[in-house]
Structures are given as structure tokens and as C-alpha cells.
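J.: After the C-alpha cells below, expect a handful of questions from me.
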């Protein structure tokens, strides 16, 4: 009998339980059945577990948005995929923390032969996040200078590499020297250790007092005011996560009027709404991996049954790169 992780109640990592489950004998006509080999751990999983983001179903529910594996069964209407294909996904419906699952064929992507299943599960969601942030939400430019918080995390390290491939300069914030060195090795131009340096002053120093045209902020509450102060006039504040907590309610006029600022709270799911968008996003990511312009950083591989330990680790803010769960 296959195993999966379920959220038994909203709360801390201890609410994650490892249980047996049954699969339907019949695969829905537009689904594929995937035997999973690697599962991507993402910060959004902790939001679902804690209740910051509402869950789509009544508890208990299996979390997770990203995984890779091989197709072992096909629904009657599935085309363009075959049993044995190596595939990956990074999308709703949630339920990736399991050994075997049925998933819509419209939302899976074939893994190129040059890329491993571990790599695909560790990089797809984070890599497509960087793709839409840098290529579609705002097109970063050669010789432009941008600010990216928590630059040694999984998304941040990919962002450094992606920006370097374009010739864009990244100012990255980190919490220690080790993370700063790692970000530098991945293409970050300027490092600011926010534990020792004033981020606003350093950004102004680097940009000759102007500030940056765009800030990418996945931290949230702890960096909100800093991000605003680092922006140039008509700058864009991109709030794509809140690892430190939700941004408090603000007076929109006082907050953004002072420099005619723009604000957006995007999500990957809204930028990959169609099959065409999903394929274009993943294809550009895979191309950059194959061309060695970017590569994954797998910080740790943890057994699926120990998902609670993995959640504690990612929330410690002491990790760098990606964590994957192994069924």
C-alpha cells in the first residue's frame, strides 16, 4: 500500500502525518498516474500547513505542489504522453507529498534527457518563478541594477544565475558571510549582510543615491519598509512571498504616493494559466539548464516520512538552495 503525508490539522510541522492510502482502480480520463521519485519542498507548503493560505479541501489533506517521476498509467483521453515518460509538475491541485498520484495531463511537462528527476523536482517551481519574475512580470535588462531579498534561498540563487546570464546586476541581501559567498559564486554582484549593514544605506551607496527600479521581496513583513525605501521614483515593489509573515495593512496613499510607486503581489499560478504559458516557461528554464546558464542547488535530500523535519528546516531560515523529499 502506498504512503503519503497528510495535514491532520492546521499548525506546526508536527501536524504532518505519514499514512497509508488507496488509489482508485480507474484513472480519470484526462489524468496520468505518476510513480514519484522526487518531491520539491517549497515555502508555500508551510503556508498551506499553517493556514496562512487556505486549503482547498477539508482536512486531512495531502500537501505539495511539485514533483517528478515516471508515468505508470494513462487516462483514456490522454494524448502526447506514454507510459514510461519521465515527467514533472509544479501546480495545483496540491497533493505531491505521496508515492503515487493521479494528476492532470494538461499540467505535466516531459523532462529532457539531459536533466535528472531530482533536478527537475528541485528546480521547476522555483525556476519558473524566476522566469515569470524576470521575463514577463518585468523584463530585467543588461546593466540594470535590481534588489533581491534572501538571495541565498532556492529562488534567490536561481535569480542570481538568471540575471547574470542577461547581464543584469543583482544587489542581494543575506544573513551571514557563508550565504553571501554562495550568492556571489552564483552571480550576485553586490552582497548586503542585513545583520551587520544598513540595507537602505548600502543600496543608496551602490546606486549613487537613486535607489533601484525594482525590488523582489519574498520575505514580507520584515523587509516591507526597507524595500519601499530602496526604490527609485516610479519603482516597482514585487511582493512574491512572505517567509517572515504577512505584510501588515497599509495606507495605500501614504505608502506609494511618496514616490509614485507600483506594487504587485503575483503568483506563478496566474502567470502559467494556459498550457502555452506553462510550456514556454518550462522550456526557457530547461534551455538555461541545458546551456549551463543556471543549475540547481540541492541543499538536502530528506525521506518523505520525515517531512515534518524538512518543514522545520526550511522555516529555520538557515538553509540555502532547495530541499527535496524522497518517497
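J.: Between region 185-229 and region 236-262, what's the alpha-carbon centroid distance in Å?
T.: The two parts, judged by their Cα centres, are 15 Å apart.
J.: Can I ask one more? Identify which of 156, 245, 127 has the largest mean-square fluctuation in a Gaussian network model of the chain, with springs joining Cα atoms closer than 10 Å.
T.: The residue with the greatest mean-square fluctuation here is 245.
J.: Let me ask something additional. Take 124, 278, 313 and order them by how many other Cβ atoms sit within 10 Å, fewest up front.
T.: Working: 124 27, 278 21, 313 18.
Ordered by Cβ neighbours within 10 Å, fewest first: 313, 278, 124.
J.: For the chain, modelled as a GNM with alpha-carbon contacts under 10 angstrom, which of 265, 317, 86 fluctuates the most?
T.: 265
J.: I want to verify a result. In a Gaussian network model of the chain, Cα cutoff 10 Å, which of these has the top mean-square fluctuation: 14, 283, 198?
T.: For the chain, modelled as a Gaussian network with Cα springs under 10 Å, the answer is 198.
J.: Which one, (i) 64, 41, 37; (ii) 56, 43, 41; (iii) 77, 42, 41, gives Cα extents along the principal axes in Å as derived from the coordinates shown?
T.: Identified label for the calculated read-out: (i).
J.: For region 7-95, list log₁₀ I(q)/I(0) at each q in 0.10, 0.13, 0.14, 0.19 Å⁻¹, using the Debye formula over Cα point scatterers of equal strength and ignoring solvent, two decimals each.
T.: -0.30, -0.51, -0.58, -0.97
J.: Could you check what % of the DSSP bridge pairs in the chain are antiparallel, to the nearest 5? Numbers along the way, then the final one.
T.: Values: 30 of 54 bridges.
If we restrict to bridges inside the chain, about 55 percent are antiparallel.
J.: Now, a different point. Among 51-57, 101-107, 40-46, 145-151, how do they line up from the highest to the lowest mean number of other beta-carbon atoms within 10 Å? Let's see the in-between values first.
T.: Numbers: 51-57: 12.0, 101-107: 18.7, 40-46: 23.7, 145-151: 26.6.
Result, highest mean first: 145-151, 40-46, 101-107, 51-57.
J.: Could you tell me the calculated FRET efficiency between residue 57 and residue 316, based on Cβ-Cβ distance and R0 = 25 angstrom, to the nearest 0.05?
T.: Numbers: r = 28 Å, r/R0 = 1.14.
Once rounded, the FRET efficiency stands at 0.30.
J.: Right, next: Based on other C-beta atoms within 10 Å, arrange 219, 170 from fewest to most. Write out the running numbers ahead of the final one.
T.: Working: 219 24, 170 27.
Arranged by neighbour count, lowest to highest, 219, 170 become 219, 170.
J.: From the helices alone, meaning DSSP H stretches of at least four residues, give me the mean residue ellipticity at 222 nm for the chain, per-run term -39500 (n - 2.57), in deg cm²/dmol to the nearest 500. Can you show the working numbers first?
T.: On the way: 10 runs with 95 residues, N = 327.
Per the formula, -8500 deg cm²/dmol.
J.: Report D for region 142-265 in µm² per second (integer): Stokes-Einstein, Kirkwood Rh on Cα pairs, 37 °C, 0.692 mPa s.
T.: Result for D is 229 µm²/s.
J.: Additional query: If r is the Cβ-Cβ distance from residue 10 to residue 267 and R0 is 22 Å, what FRET efficiency results, to the nearest 0.05?
T.: Numbers: r = 21 Å, r/R0 = 0.94.
According to the calculation, E is roughly 0.60.
J.: Looking only at Cα atoms, what is the convex hull volume of region 145-208 per residue, in Å³? All intermediate terms of the calculation are to be shown ahead of the outcome.
T.: Values: hull volume 4.0 nm³, N = 64.
Hull volume normalised by residue count: 62 Å³.
J.: A further question follows. Say each of residue 29 and residue 259 gets a label point 7 Å from the Cα, pointing the same way as Cα to Cβ; how far apart are those two points in nm?
T.: 5.5 nm
J.: Based on the Cβ-Cβ distance of residue 233 and residue 175, what FRET efficiency does E = 1/(1 + (r/R0)^6) give at R0 = 30 Å, to the nearest 0.05?
T.: Numbers: r = 30 Å, r/R0 = 0.99.
The formula returns an efficiency of 0.50 here.
J.: Mind checking the full-extension length gain between residue 252 and residue 287? Use 0.36 nm per residue of separation minus the Cα-Cα distance, one decimal, nm. List each step's numbers first, then the result.
T.: Details: separation 35, 0.36 × 35 = 12.60 nm, distance 4.01 nm.
My answer for the length gained is 8.6 nm.
J.: Still on this model: Please compute the contact order of the chain in relative form: average sequence separation of alpha-carbon pairs under 8 Å and at least six residues apart, divided by the residue count, as a percent.
T.: On the way: 681 pairs, mean separation 58.6, N = 327.
It comes to 18 percent, rounded to a whole number.
J.: Stretch residue 17-residue 295 to full length: gain in nm at 0.36 nm per residue minus the Cα-Cα span? Walk me through the numbers on the way to the answer.
T.: Details: separation 278, 0.36 × 278 = 100.08 nm, distance 3.22 nm.
Here the answer is 96.9 nm.
Read-outs: derived from the displayed coordinates by stated rules, not from any lab. Note that the structure is a prediction, hence the values are computed from the model and not measured. Cβ: placed from backbone, ideal geometry, glycine included. Neighbour counts: every protein chain shown.
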